[in-house]
């Protein structure tokens, strides 16, 4: 459970003692209760009778020089509800009041919550001016204006808004004062958690003048979700590398590592690539979800039977689709499906995503000389019946892969193509002529809900 903080009161709480509004001992006791019950300090002070809500609000008004507004009999301009959706209104205890000359006045229970203000400005796309109001009064107004059946507020619920935002961790003041491994790991976990929440499987960290930008890649588009401030960048990169078994002291050479982490109860694997640029290291993370059963991948029984039949004979099973469409995920499902067979099944991968029982998975390691060239020269001595070869990036790789079919091997690999027409255009190149003739099954992933499977007969018509 996460703590509910009120950053305004956390900053000014000792002024309550200095102004003789509360005793120091009572403040410390209230803070302990707030921490234990995961509520904010103001709620405890008021509910325990240590201070009246109106007195506390007037105190904040005088200290911050921000006006206090009593919302009890206040009428809100309903047109302003367009600027803040219901989710954020409830989350940040804020409600819009009115707009004058392009400035939106909002009532907040915590006007020093800079993250909340940034999010409101981002959503409203205008300048805002906060006023102080009672948390309970704000929540009552939210219920009255947003969720009332007679109100237009209902339409402002944004179901597509991510329910988790990693930048909330940056708003925790302890992160800037205590840059311990524990706090940095909390920030890393927060970023990965939002990526999974947003169904994002690739993200990037790039050096910018204001620190380290965090970008999510989805549908071939990069979206910057925020920036890690300069004071945290070195610690963040070093900790991320250490967790991924990379050398944090090396920044001039490319490195590839693997990160294991959990989001809620889901265990996940990510590949981490650190690459030097003139502005500093660029770090790429690709997240791989645990493989499902083959029947759980939007593939009907007829298509599954085509795949299983192709696995019984020498030839090439090619899995295609755009970047990050789930090619590797599907291949892992196929490998899991046949793991209990009596055949010797092996893989050659840059990073093994998940440990598969009864599959001999091989992970390349450039640091010790176990590269792709060496793997290709020695894999045949292991007598694989079925071999998964991660990606075809060179003509030598294509030629070698094709030659194994003539030695009665079944090969599985993947290939990037935006659509079927794009695939056919690429396979029409001369270097693929032999490889193309050896295809016994083609699987094309349009999206997670649309997967086509072609057997050899159907492919012959395509290539005719």
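The values are calculated or read from the model by the stated rules, or taken from the named source; none is laboratory data. Because the structure is predicted, anything quoted here is derived from the model rather than measured. Here Cβ is always computed from backbone atoms with ideal geometry, including for glycine, and neighbour counts include all displayed protein chains.
Of all the residues in segment 438-461, those that are assigned to a helix (DSSP H, G or I) and in contact (Cβ under 8 Å) with a residue 40 or more places away in the chain number 1. Close contacts from segment 235-252, counting a first residue that is assigned by TED's automatic domain parsing to the domain that holds residue 277 and more than 20 Å from residue 180 (Cβ to Cβ) and a second that is at pLDDT 90 or above and exposed (fewer than 15 other Cβ atoms within 10 Å of the Cβ), with Cβ to Cβ under 6 Å and a gap of 6+ residues or different chains, come to 252/276.
Which residue is nearest to the chain's Cα centre (by Cα), if the candidates are limited to segment 14-30 and must be more than 16 Å from residue 47 (Cβ to Cβ) and in contact (Cβ under 8 Å) with a residue 40 or more places away in the chain? The qualifying residue nearest to the chain's Cα centre (by Cα) is 15. Every condition in (1) out of contact with any helix residue (DSSP H, G or I) (no Cβ under 8 Å at 6 or more places or on another chain); (2) over 19 Å from residue 194 (Cα atoms) is met by residue 267 except one, and the failing one is (2). When we screen 97, 81 for residues that are farther than 19 Å from residue 12 by Cβ, touching a residue at least 60 places away in the same chain (Cβ under 8 Å) and in contact with a strand residue (DSSP E or B) (Cβ under 7 Å, 6 or more places away or on another chain), the only hit is 81. Once segment 376-421 is narrowed to residues that are loosely packed, with under 12 Cβ neighbours inside 10 Å and not in a helix (DSSP H, G or I), the residue that is nearest to the chain's Cα centre (by Cα) is 393. Being farther than 18 Å from residue 401 by Cα and either buried (at least 19 other Cβ atoms within 10 Å of the Cβ) or assigned by TED's automatic domain parsing to the domain that holds residue 201 (or both): is that true of residue 330 here? It is true that residue 330 is farther than 18 Å from residue 401 by Cα and either buried (at least 19 other Cβ atoms within 10 Å of the Cβ) or assigned by TED's automatic domain parsing to the domain that holds residue 201 (or both). When you look at residue 257, is it at pLDDT 90 or above and assigned to a loop (DSSP other than H, G, I, E, B), yes or no? No: the conditions fail for residue 257. Among strands (runs of 3 or more DSSP E) lying entirely in segment 284-375, which contain 3 or more residues that are in contact (Cβ under 8 Å) with a residue 24 or more places away in the chain? Filter on segment 284-375 gives 315-321, 345-349. Here residue 382 clears all of (1) touching a strand residue (DSSP E or B) at 6+ places or on another chain (Cβ under 7 Å); (2) at pLDDT below 90 except the condition numbered (2). Summed over segment 43-59, residues that are modelled with pLDDT under 75 and either exposed (fewer than 12 other Cβ atoms within 10 Å of the Cβ) or under 17 Å from residue 133 (Cβ atoms) (or both) total 1. Considered as a group, the residues in segment 219-233 that are free of Cβ contacts under 8 Å to residues at least 40 places away in the same chain and loosely packed, with under 13 Cβ neighbours inside 10 Å include one that is nearest to the chain's Cα centre (by Cα), and that residue is 224. Where residues in segment 422-451 are under 30 Å from residue 201 (Cα atoms) and out of contact with any helix residue (DSSP H, G or I) (no Cβ under 8 Å at 6 or more places or on another chain), which of them is surrounded by the fewest Cβ atoms within 10 Å (Cβ to Cβ)? Top of the filtered list is 449.
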